[in-house]
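Right, one structure below, let's go through it.
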Amino acid sequence: MTSSDPDAFARRLAAESTADGPAGWFERLYVAAEDGRTQVPWDRGAPHPLLTEWADHNALAGPGRAMVVGSGPGSDSEFVASLGFDTVAFDVSPTAIDAARRRHPDSEVDYAAADLLDLPTPWLDGFDLVVESMTVQSMPVDFHAAAIDAVAGLVALGGRLLVIASAREESEPADGPPWPLTRAEVERFADGPLSAEQTELHPVPQNPSAHRWLAVFRR
Ligand SMILES: C[S@@+](CC[C@H](N)C(=O)[O-])C[C@H]1O[C@@H](n2cnc3c(N)ncnc32)[C@H](O)[C@@H]1O
């Protein structure tokens, strides 16, 4: 299967592969991208602008331990590490992790293949900064609650969580990928020991009728 439309290719893969769980199609997509059969639709070759703007605005800097969830091509994790954080980044796709390591050969980021829904115990409560950009929304809605709780469980006492996600009204159908987050889902990050510090909706520059969440939580 090849495609000149990376979004359509990703949607087809996701629709065809439910047997191996909500994340199995990502590995196939990254393998296809490595083979030159598609492009990774979310590979901007640069950190997410909402992450860099938030970091600038808050003069974000280490030291501290940071975790980047669903790190994909690694642009966000490299940016976080450049701020002085001792950074770990993980993705469910081993091929994505290998590609990120190859793309950033001098990286100080500790890249690991791992599943958000089955996290290594030593990571729990372990990070002063956790960045979650568009991983929860990459799973069907039935998995959101478990994924949100798992992300929140990475934050250390006193630490912060930054969430970037596409937004969806409760009344809108979720026929992903992606499966954007409702306000109630964003609020769920604060159901446990985290408190919400900032919850904002930003218009998507290429499509002003669509919005993205930028939400910050503190433990
Ligand atoms: C839409 S992409 C976003 C990538 C990156 N965070 C960004 O903002 O560019 C979602 C990423 O989450 C990863 N992912 C999906 N389900 C996951 C899971 N259960 N555990 C870890 N990573 C997962 C995918 O492999 C993919 O790289």
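The values are calculated or read from the model by the stated rules, or taken from the named source; none is laboratory data. Worth saying up front: this structure is predicted, and the values here are computed from it rather than measured. Heads up, the Cβs are rebuilt from the backbone with ideal geometry, glycines too, and the neighbour counts pull from every protein chain shown. SASA here: full protein model, heavy atoms, side chains in, ligands and nucleic acids out. Shrake-Rupley method; radii C 1.70, N 1.55, O 1.52, S 1.80 Å.
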Task: Any hit, the range 144-167, residues being of a type in the set (S, T, N, Q), out of contact with any strand residue (DSSP E or B) (no Cβ under 7 Å at 6 or more places or on another chain) and on the phi < 0 side of the Ramachandran plot - done: no
Open item on the list: So, in the range 48-77, exactly how many residues are surrounded by fewer than 20 Cβ atoms within 10 Å (Cβ to Cβ) and without any contact (Cβ under 8 Å) to a residue 40 or more places away in the chain?
Closed with: 11
Task: Every residue from the range 80-97 that is open to solvent by 40 Å² or more (accessible area, probe 1.4 Å) and at negative phi - done: S82, L83, D86, V92, P94
Task: Tally, over the range 106-135, of residues that are open to solvent by 40 Å² or more (accessible area, probe 1.4 Å) and not hydrophobic (A, V, I, L, M, F, W, C) - done: 10
Task: Single match in A174, A147, A152, A156 (criterion: more than 15 Å from the chain's Cα centre (by Cα) and within 16 Å of the ligand (Cβ to nearest atom)) - done: A174
Open item on the list: Given the condition farther than 20 Å from A147 by Cβ, within 13 Å of the ligand (Cβ to nearest atom) and among the aliphatic types (A, V, I, L, M), answer yes or no: does some residue in the range 52-71 qualify?
Closed with: no
Open item on the list: Cβ-Cβ under 7 Å, sequence separation 6+ or interchain: first residue in the range 5-16 and modelled with pLDDT of 80 or more, partner in a helix (DSSP H, G or I). Which pairs?
Closed with: A10/L29
TODO: Tell me which residues, restricted to the range 110-144, are part of a loop (DSSP other than H, G, I, E, B), without any contact (Cβ under 8 Å) to a residue 40 or more places away in the chain and away from the ligand (no atom under 11 Å from the Cβ).
DONE: P120, L124, D125
Open item on the list: What's the total number of residues in the range 21-44 that are in a loop (DSSP other than H, G, I, E, B) and either within 11 Å of the ligand (Cβ to nearest atom) or in contact (Cβ under 8 Å) with a residue 60 or more places away in the chain (or both)?
Closed with: 8
Task: Exclusive hit being in contact with a helix residue (DSSP H, G or I) (Cβ under 6 Å, 6 or more places away or on another chain), outside any helix (DSSP H, G or I) and not β-branched (V, I, T), set A96, A61, A66, A14 - done: A66
